[in-house]
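Trainee: One structure follows; several queries about it will come next.
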Amino acid sequence: MTNIDRLDGKVAIITGAASGIGLATAKLFLAQGAKVFAVDLPGHGLVEKLDSGDQVQTLEKDITEGDAPAAIVSGAVEAFGGLDILVNNAGICLPGSLEEVTDDIWERTMAVNVTAMFRLSREAIPEMKKRPRGRIINVGSIMSDMAGPGLCAYGTSKHAVAGLTKAMAVDLGQYQITANYLQPGAIITALSEPFMDDPEFRAYWEDKAPIGRLGDAEEVAEAALFLASDEAQFISGVGLNVDGAAIVKF
Ligand SMILES: NC(=O)c1ccc[n+]([C@@H]2O[C@H](COP(=O)([O-])OP(=O)(O)OC[C@H]3O[C@@H](n4cnc5c(N)ncnc54)[C@H](O)[C@@H]3O)[C@@H](O)[C@H]2O)c1
């Protein structure tokens, strides 16, 4: 029987919730009884996609803006009275090898994928400390361990997600707050679409995964649910591959 209340009464912030992994995670967390404060850029249809009554609040905001962390955390606390779970999911993937990456690409990638994650997490901690347990789930990538051709800034940012998460786990364990990162492989979303449009690229990743296909956003959301659950209380500081074993096959 499917358990439908694994996050009953928990309050979760999810960034990048208008699309792909973030949207799937928001829907799954709502179905499991959580109250979700969902954040995404203006003009990405967040409100229409997550119109689920009084269990969900949306905020259209660029997470890199200076006032974003305070607006997001205070918004969640005002709406739902506290904070238990933070899913730092929003991310961008701008291609380019070392020689091709401009300063703008580098800085934007770090701003969204790393600095916003750091600043929002820092803002969330005082609220999480008030609860018996806290959960930070950062979305890294298989590129938190590996490099990929033509993805210099993205790969560097995802390695930083691994380092940042480990630092969080070490500093926050004393407050019963765990911090872990997901490592999705090739997942069908808007972010991967431009790459998957190339049949050779798509076939490479389908073949690389022993499971024999690309992944769905919902499958990554299930991993986020596990890390957010009470059952994962002694798991902290680790990266969880959700990649059909692609990365362990040479
Ligand atoms: N799709 C994959 O194959 C894959 C693989 C590994 C890791 N990831 C990671 O998963 C996470 C989610 O990606 P996805 O594949 O679901 O992509 P997606 O493009 O479908 O969703 C990302 C969401 O983040 C939002 N976002 C981007 N910049 C933002 C900002 N500054 N402020 C607020 N929101 C912002 C976008 O508007 C979008 O809705 C990302 O961190 C990505 O790096 C994805």
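Trainee: What number of residues within segment 1-28 satisfy the criterion of being more than 13 Å from the ligand (Cβ to nearest atom), in contact with a Phe, Trp or Tyr (Cβ under 9 Å, 6 or more places away or on another chain) and not in a loop (DSSP other than H, G, I, E, B)?
Mentor: So the count comes out to 2.
Trainee: Take segment 103-149 and flag every residue that is open to solvent by less than 30 Å² (accessible area, probe 1.4 Å), more than 12 Å from the ligand (Cβ to nearest atom) and without any contact (Cβ under 8 Å) to a residue 60 or more places away in the chain.
Mentor: S121, I125, M128, G134, I136
Trainee: Of all residues being more than 15 Å from the ligand (Cβ to nearest atom) and assigned to a loop (DSSP other than H, G, I, E, B) in segment 41-83, which is nearest to A124 (Cα to Cα)? Just the residue, please.
Mentor: L83
Trainee: Is it true that S236 is buried (at least 20 other Cβ atoms within 10 Å of the Cβ), at negative phi and more than 16 Å from the ligand (Cβ to nearest atom)? Let's see the steps before the verdict.
Mentor: Numbers: buried (at least 20 other Cβ atoms within 10 Å of the Cβ): yes; at negative phi: yes; more than 16 Å from the ligand (Cβ to nearest atom): yes.
Against the criterion (buried (at least 20 other Cβ atoms within 10 Å of the Cβ), at negative phi and more than 16 Å from the ligand (Cβ to nearest atom)), S236 qualifies.
Trainee: Within the bounds of segment 164-172, is there any residue that is over 19 Å from the mean Cα position of the chain (by Cα), modelled with pLDDT of 95 or more, assigned to a helix (DSSP H, G or I) and surrounded by fewer than 21 Cβ atoms within 10 Å (Cβ to Cβ)? Reasoning before the result, please.
Mentor: In the first step, residues of segment 164-172 are kept if they are over 19 Å from the mean Cα position of the chain (by Cα); the result is 170-171.
Pick out the ones that are also modelled with pLDDT of 95 or more and you get 170-171.
After this cut, where a residue has to be assigned to a helix (DSSP H, G or I) as well, the list is 170-171.
Keeping just the survivors that are surrounded by fewer than 21 Cβ atoms within 10 Å (Cβ to Cβ) gives 170-171.
Yes, segment 164-172 has at least one match.
Trainee: Would you call S157 within 14 Å of the ligand (Cβ to nearest atom) and not aliphatic (A, V, I, L, M)?
Mentor: Details: within 14 Å of the ligand (Cβ to nearest atom): yes; not aliphatic (A, V, I, L, M): yes.
Against the criterion (within 14 Å of the ligand (Cβ to nearest atom) and not aliphatic (A, V, I, L, M)), S157 qualifies.
Trainee: Now for a different question. Select, from A245, A190, the only residue that is of a type in the set (A, V, I, L, M, F, W, C), closer than 21 Å to V112 by Cβ and either open to solvent by 60 Å² or more (accessible area, probe 1.4 Å) or modelled with pLDDT of 95 or more (or both). Show your work before the answer.
Mentor: Numbers: A245 fails: closer than 21 Å to V112 by Cβ.
Only one candidate passes the filter, namely A190.
Trainee: Can you report the number of residues in segment 107-140 which are part of a helix (DSSP H, G or I) and either in contact with a strand residue (DSSP E or B) (Cβ under 8 Å, 6 or more places away or on another chain) or among the small types (G, A, S) (or both)?
Mentor: First pass over segment 107-140, keeping only residues part of a helix (DSSP H, G or I): 107-129.
Now restrict to residues that are either in contact with a strand residue (DSSP E or B) (Cβ under 8 Å, 6 or more places away or on another chain) or among the small types (G, A, S) (or both): 111, 116-117, 120-121, 124-125, 128-129.
So the count comes out to 9.
Trainee: Out of all the residues in segment 107-116, which are under 14 Å from H159 (Cβ atoms) and of a type outside the set (S, T, Y)?
Mentor: Listed by number, the residues that qualify are M110, N113, V114.
Trainee: Which residue pairs have Cβ atoms under 6 Å apart, sit 6 or more places apart or on different chains, and have a first residue in segment 161-173 that is more than 18 Å from M128 (Cα to Cα) and a second that is in a helix (DSSP H, G or I)?
Mentor: Short answer, once both residue conditions are applied: V161/S144; A162/S144.
Trainee: Give all pairs with beta carbons closer than 7 Å in which a residue from segment 12-36 that is within 10 Å of A224 (Cα to Cα) and open to solvent by less than 10 Å² (accessible area, probe 1.4 Å) meets a residue that is away from the ligand (no atom under 15 Å from the Cβ) and in a strand (DSSP E or B); count only pairs at least 6 apart in sequence or on separate chains.
Mentor: Qualifying pairs under 7 Å: F29/A12.
Trainee: Considering segment 173-184 alone, what residues qualify as being surrounded by fewer than 23 Cβ atoms within 10 Å (Cβ to Cβ) and within 8 Å of the ligand (Cβ to nearest atom)?
Mentor: Listed by number, the list is empty, since nothing qualifies.
Trainee: Please state which one of F226, F250, F201 is part of a loop (DSSP other than H, G, I, E, B), open to solvent by 10 Å² or more (accessible area, probe 1.4 Å) and either closer than 19 Å to I14 by Cβ or free of Cβ contacts under 8 Å to residues at least 24 places away in the same chain (or both). Break it down stepwise before answering.
Mentor: Values: F226 fails: part of a loop (DSSP other than H, G, I, E, B); F201 fails: part of a loop (DSSP other than H, G, I, E, B).
Answer to the selection: F250.
The values are calculated or read from the model by the stated rules, or taken from the named source; none is laboratory data. Only a predicted model underlies this, so the values are computations on that prediction, with no experimental measurement involved. As a convention, Cβ positions derive from the backbone with ideal geometry for all residues, glycine included, and neighbour counts pool all protein chains shown. These accessible areas exclude ligands, DNA and RNA; they are computed on the full protein's heavy atoms, side chains included. Shrake-Rupley method; radii C 1.70, N 1.55, O 1.52, S 1.80 Å.
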